[in-house]
1. Could we say that residue 463 is at pLDDT 85 or above and closer than 30 Å to residue 121 by Cβ here?
2. For the range 151-182, give me each residue that is among the small types (Gly, Ala, Ser) and on the phi < 0 side of the Ramachandran plot.
3. Looking at (1) open to solvent by less than 10 Å² (accessible area, probe 1.4 Å); (2) within 28 Å of residue 211 (Cα to Cα), can you tell me which one residue 138 breaks?
4. Within the range 185-203, work out how many residues are more than 11 Å from residue 146 (Cα to Cα) and either among the charged types (D, E, K, R) or surrounded by fewer than 16 Cβ atoms within 10 Å (Cβ to Cβ) (or both).
5. Can you tell me which residues in the range 178-191 are within 18 Å of the chain's Cα centre (by Cα) and modelled with pLDDT under 90?
6. Condition first: in a strand (DSSP E or B), touching a Cys at 6+ places or on another chain (Cβ under 8 Å) and either modelled with pLDDT of 65 or more or basic (Lys, Arg) (or both). Can you find one or more residues in the range 325-335 that meet it?
7. Criterion first (open to solvent by 40 Å² or more (accessible area, probe 1.4 Å) and either small (Gly, Ala, Ser) or closer than 30 Å to residue 255 by Cα (or both)) does residue 394 satisfy it?
8. Pairs only if they're at least six apart or on different chains, beta carbon under 8 angstrom, first in the range 121-140 and within 11 Å of residue 383 (Cβ to Cβ), second open to solvent by 70 Å² or more (accessible area, probe 1.4 Å) and among the charged types (D, E, K, R); list them, first residue then second.
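The values are calculated or read from the model by the stated rules, or taken from the named source; none is laboratory data. Small disclaimer: the values here were computed from a predicted structure and weren't measured. Cβ placement follows ideal geometry from the backbone for every residue including glycine, while neighbour counts extend to all protein chains displayed. These area figures cover heavy atoms from the full protein model, side chains too; ligands, DNA and RNA do not enter into them. Shrake-Rupley method; radii C 1.70, N 1.55, O 1.52, S 1.80 Å.
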Amino acid sequence: MTQAYRRSLLATSLLVAVSTLPAAAQTAPATPAATPEAAAQAEALEPATPTQTATDQNPQGATEAPAGEIVVTGSRIASPSATAASPLQSVGIAQIQQAGAINVQDVLLQNPAFGTPGVSRTNSSFATQGAGVATVNLRNLGEDRTLVLVNGRRFVSGLPGSSAVDLNVIPTQFLENVDILTGGASAVYGSDAVAGVVNMIYKTKFDGIQLDGQVGMSQYGDGFDRQVNALVGKNFADDRGNIMLFGGYSKQGTVLKRDRFTEAGSSAVDSTSRGYLTGNDAELFTPQRPYLSGFAPQGRYYAGDSTFTYGQDGALRDCASANGTGGCVNADGTAAGPDGFNRSDFRYLAVPVERYVAAGRANYEVSPALNLFVEGNYAKTKVSTVIEAFPLDSTFSNPRNSGQIPIQTVVGGVTYRNPYVPDAIFNAATDTDNDGLRDIYFDRRLADFGPRTIRSSRDLFRIAGGANGKFLEDRFNYEVYGIYGQTKEDRSEPANLIPLTSSRR
């Protein structure tokens, strides 16, 4: 009886142990029930392992139900995340290919570890430099605190005055995976890795030819993207060496703000212009007749407590915007619908970026202790953005006096008025700085010069070469390399007459 109870207990313990193992089990053909001699031997053994045979009997030993052999199998994929001292994430080639992204930045931004990029093609339409550049920003600490490496080696900056790398120059088809280290990297790499490290790992064993092309657009019929790429690789010397060459062209299309909607409705009217809409004015809006906004092309003139502007008919209008009503009246005193400038008719949500990218790499393993490598990158990026005409106000000509411009002058002790100032504005003007002369303040959109455009062309070149290896049974490893790179940017800004220092547009 005692032996039967022990065998039952042993079988129960074994089943519980097997049920807690996170592995797949398969059942082999049944074996005969254990003999008393085998049971006696089992008592002297150590606790059963998952591959032992177990039988189950009731305490009375009335019947014995033979149990099949239980075989436990399983595997564990080695991952650097299990041994890294800091949190490490890895984005593999499968995820990069499935995303179908032209720029690897679009893949990385799907990871919540990345914050809003400091510069991208969706937030650089106003940038006086760096328009269309693609950077990454770990944990929203800034792109200058996020170190971007290629194969563990530093890459030349793509943004003047910054160490940020322009991901436009990284060929997505060249990547094997991207490792993301989200903390604890500044002790190794320095202060430019306070937020973490993004390491782009190139393929090393690609053998064959890969041709791919892609076209697509948004559901709104804009943002037309296209790309075509060619990747060629060859292993040689019994796979101890490899060489890869890549060439690609891509262009990401324009997305205009006026073609988009938000929860508040159409974005065809900018928020400043919308703030001036009163009564039935909103029903009168058309893109050809936008509503009054700051810095209208016809100008606004602030004299005393009055505000004046010119209508599209050229007549001077007395507006009550200084009193907060946002309306204007014609010369005969009748109400006039507001006229002005709509910034959303020009603004981009995504600027067009055109890229020509070439890359190559090669390595040859002379021995486990000596592997020679070389890699190079060239990229030409073209970006063109358009924003509304330049906003000018009188603070640029008289900043020390809050932009107040005198409309009178004293010559030979005699005070004269400016003959170009209309009587209505002159009569409403007052002396605001106690110099005995009447002053006005004005602002105006310089639509005469057309919209501001920014055209940038960037050329990046980088080459790296060196040797690495392991020796003394892989207990020691080394890497010696040298890198040379440069980025050249040519930029033109027609109609951008004066650096914009005012927050008003």
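1. yes
2. Those that are among the small types (Gly, Ala, Ser) and on the phi < 0 side of the Ramachandran plot: 157, 158, 162, 163, 164.
3. Checking residue 138 against (1) open to solvent by less than 10 Å² (accessible area, probe 1.4 Å); (2) within 28 Å of residue 211 (Cα to Cα), the one that fails is (2).
4. Residues that pass the stated criteria total 3.
5. 181, 182, listed by residue number.
6. Yes, because at least one residue in the range 325-335 is in a strand (DSSP E or B), touching a Cys at 6+ places or on another chain (Cβ under 8 Å) and either modelled with pLDDT of 65 or more or basic (Lys, Arg) (or both).
7. So residue 394 fails the test.
8. From the range 121-140, the pairs are 129/491.
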